[in-house]
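The values are calculated or read from the model by the stated rules, or taken from the named source; none is laboratory data. Everything numeric in this text was worked out from a predicted model, so none of it was measured. Glycine gets a Cβ as well: all are built from the backbone with ideal geometry, and neighbour counts include every protein chain shown. Please note that ligands, DNA and RNA were not included when accessible areas were found on the heavy atoms of the full protein model with its side chains. Shrake-Rupley method; radii C 1.70, N 1.55, O 1.52, S 1.80 Å.
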Amino acid sequence: MRINAHCHVFNFKTFLTDAAKAILAARLNRGGLSKPFAEVIVNYIDKRLDRTTDNREALGELYDMINTRRRGGLYLWEFLRLGFLPDIAAVTDDLLAKTRDLLDDQTDDAVVTALMMDVISTKESTDDALFHDQYRQTVEQALRHPGRVLPFVAFNPNRTGRPAGENGLEIVEAALTSGACLGVKLYPSLAEHGPTAPGMDDLFSLCNDTQAPIVMHANSGGFAASPATALRCYPGDWKPLLLKYPNVRLDFAHFADEDIFTDPGSEPYKWRTMLLGMVKDPELGGRVYGDVSYQDEPLGRAAVRRAYFDRLKGYLDDKALSRNILWGTDYYMIYLSRSNSEYWDMFKYELGPDFPIIAEANPRRFLGFPGDNGKMAPNMERHVAFLRRMRGAPQWEVGSPMAQWLAAAFANQPARPGQP
């Protein structure tokens with residue numbers, strides 16, 4: 001069973017708030033587009049994104065714009081094409097089709113996470129409601145592809161303190177306790193969302209009680225509101241919360257890459273060194289992980305790429321590190337630089353027999369699949385129970401048949417009265 005532990009399946013209709021538009025333009029600019037052209041792209045999306053249609057006419061015009069200006073190339077086009085897909089189901093179907101094509105054995109299960117994003121400002125806006133549609137559609141994918149799509153609910157501290165139905169902590173609590181979602185996605189660089197942000201201690205307490213894992217954006221690039229907010233992702237700042245809450249498993253995504261905002265010679269910001277120390281720290285009990293999704297070094301020059309994989313293989317040879325490295329592509333954000341399939345094939349080729357360590361064994365442990373003792377983590381037990389309750393819903397298996405691991409879990413987990 002191959003597991004891509006870092007994926008996104010939202011589309012522009014369910015993600016692109018006013019706050020997200022500004023951050024997307026900045027991200028495109030840092031990715032190589034001129035600032036004016038990046039703004040042209042985002043303004044075009046905003047102007048032509050019809051939330052009631054499939055946007056095919058607008059997408060054709062956008063392709064002509066990119067082709068005429070010869071900026072961004074095919075990767076950027078694919079990123080925009082996926083964002084313009086009519087719904088999250090279409091994005092998810094695309095991801096799973098591409099994932100199945102990459103399997104060595106087509107009879108194996110292909111499992112992906114679905115990490116939500118909630119990009120809003122401190123000031124309430126009507127487009128804050130987009131997240132509710134993103135949440136609903138993402139959870140539906142767990143029914144359309146049972147056992148193959150594992151949803152993670154986003155927590156944005158800007159929702160803390162809002163009324164019932166809009167309160168971020170209440171949204172996360174309902175998602176985790178119902179079993180609809182396995183864990184939580186954090187994105188500190190969206191704003192001042194560091195470990196002391198409003199509601200963050202309460203969130204960690206909730207994840208501690210439910211034993212739900214957290215995936216946190218942890219490089220100084222990506223979607224960052226500013227150079228200052230990018231620093232909120234620094235791994236060392238989160239250590240006190242991890243020490244306080246001993247049941248929390250935290251994946252520092254992108255393996256704590258430093259990017260363009262920090263001085264590599266500045267000792268406090270040796271991000272990856274800090275992450276490796278936290279993985280090995282006995283006080284943290286093996287609960288700290290790092291995923292290799294969408295990193296710059298594997299996409300760099302040949303010499304940089306070779307050095308990266310030599311170092312990664314060294315980590316996998318180190319018993320103190322090898323169990324805590326996760327595989328992920330960052331679909332579909334990876335298309336800002338490379339294709340999902342190319343990134344997957346590169347790691348599979350370079351790591352050879354070590355690839356299953358990060359693409360099978362380690363993500364199973366992080367996500368809560370049954371271990372050597374046959375027991376699931378509580379978060380996965382709740383998700384299996386949720387899927388059992390929802391079996392027979394109209395969306396059930398519309399996209400894919402139930403995964404083999406889930407069928408086995410249903411067989412091993414006694415049904416409650418009234419459940420199928």
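Filter the range 158-172 down to the residues that are at pLDDT 95 or above and either β-branched (Val, Ile, Thr) or open to solvent by 50 Å² or more (accessible area, probe 1.4 Å) (or both) and list them by number. Hits for the range 158-172 are Glu170, Ile171, Val172. A single member of Asp64, Asp108, Asp94, Asp46 is surrounded by fewer than 19 Cβ atoms within 10 Å (Cβ to Cβ), at pLDDT 90 or above and part of a helix (DSSP H, G or I), and it is Asp94.
Counting residues in the range 260-268 that are part of a helix (DSSP H, G or I), at pLDDT below 95, surrounded by fewer than 19 Cβ atoms within 10 Å (Cβ to Cβ) and out of contact with any Pro (no Cβ under 9 Å at 6 or more places or on another chain) gives one or more.
Residues in the range 221-247 that are farther than 17 Å from Tyr187 by Cβ, within 21 Å of the chain's Cα centre (by Cα) and part of a loop (DSSP other than H, G, I, E, B): Asn247 only. Any idea which of (1) within 14 Å of the chain's Cα centre (by Cα); (2) among the charged types (D, E, K, R); (3) open to solvent by 30 Å² or more (accessible area, probe 1.4 Å) is the one Lys185 doesn't satisfy? So the condition that Lys185 fails would be (3). Consider Phe255 carefully, then state whether it is over 30 Å from Arg389 (Cα atoms), in contact with a strand residue (DSSP E or B) (Cβ under 9 Å, 6 or more places away or on another chain), outside any loop (DSSP other than H, G, I, E, B) and modelled with pLDDT under 95. In short, yes. Which pairs have Cβ atoms under 9 Å, sit 6 or more apart or on different chains, and link a residue in the range 331-357 that is open to solvent by 30 Å² or more (accessible area, probe 1.4 Å) to one that is of a type in the set (Asp, Glu) and in a helix (DSSP H, G or I)? These pairs meet every condition: Ser341/Asp101; Asp354/Asp317. I need the full set of residues from the range 359-374 which are part of a helix (DSSP H, G or I) and closer than 21 Å to Ala212 by Cβ, in order please. Within the range 359-374, Ala361, Asn362, Pro363, Arg364, Arg365, Phe366, Leu367 qualify. Condition check for Lys280 on (1) open to solvent by less than 50 Å² (accessible area, probe 1.4 Å); (2) at pLDDT 90 or above: one failure, at (1). Residue-level check: of (1) in contact with a helix residue (DSSP H, G or I) (Cβ under 8 Å, 6 or more places away or on another chain); (2) assigned to a helix (DSSP H, G or I), Pro356 misses just (1). The residue pairs whose first member lies in the range 179-208 and is farther than 13 Å from Thr229 by Cβ, whose second member is assigned to a helix (DSSP H, G or I) and aromatic (Phe, Trp, Tyr), and whose beta carbons are closer than 8 Å, counting only pairs six or more residues apart or on different chains, are Gly179/Phe386; Ala180/Phe386; Pro195/Trp238. For the range 220-234, the tally of residues that are open to solvent by 10 Å² or more (accessible area, probe 1.4 Å) and touching a residue at least 60 places away in the same chain (Cβ under 8 Å) stands at 2. Checking each residue of the range 376-383 against the condition of being in a loop (DSSP other than H, G, I, E, B) and open to solvent by less than 50 Å² (accessible area, probe 1.4 Å) gives at least one match. Right, Ile41: open to solvent by less than 10 Å² (accessible area, probe 1.4 Å), of a type outside the set (Gly, Ala, Ser) and assigned to a helix (DSSP H, G or I) or not? Yes; evaluated as a whole, the condition is true for this residue.
Residue pairs whose Cβ atoms lie under 9 Å apart, separated by 6 or more positions or on different chains, with the first residue in the range 110-135 and farther than 27 Å from Asn4 by Cα and the second basic (Lys, Arg) and open to solvent by 30 Å² or more (accessible area, probe 1.4 Å), do not occur.
Any idea which of Val248, Val215 is aliphatic (A, V, I, L, M), open to solvent by less than 10 Å² (accessible area, probe 1.4 Å) and out of contact with any helix residue (DSSP H, G or I) (no Cβ under 6 Å at 6 or more places or on another chain)? Criteria check complete, one pass: Val215.
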